[in-house]
Amino acid sequence: MSAHIIINEALESLEHAASTPDQALAAQRMIAEFLVDRSITLLEFEHYCARLNKVARKEAA
């Protein structure tokens, strides 16, 4: 499975009301690991981090 599919699934799961901060942390680590492994580009990393931040702001509100 591609890194993009895995990340998208993780970010989509965070949009559910039952998601936990631990899941958000796991998604953040996963995104960083895919960047380090060069499975995603820096531009893609920034895009995924922006999506993660958007979800985190919704949870905080």
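Laboratory data are not the source of any read-out in this text; all were calculated from the coordinates shown. Keep in mind it's a predicted model, so treat the numbers as computed, not measured.
If you work out Kirkwood radius over Cα pairs in Å from the coordinates, which of (i) 11.6; (ii) 12.3; (iii) 12.0 do you get? Recomputing Kirkwood radius over Cα pairs in Å here picks out (i).
Helix 21-36 and the longest principal axis of the C-alpha atoms of the chain enclose an angle of approximately 10°. Relative to the first principal axis of the alpha-carbon coordinates of the chain, what is the inclination of helix 3-14, with its axis defined by its Cα atoms, in degrees from 0 to 90 and to the nearest 10? Helix 3-14 and the main axis of the chain meet at about 10 degrees.
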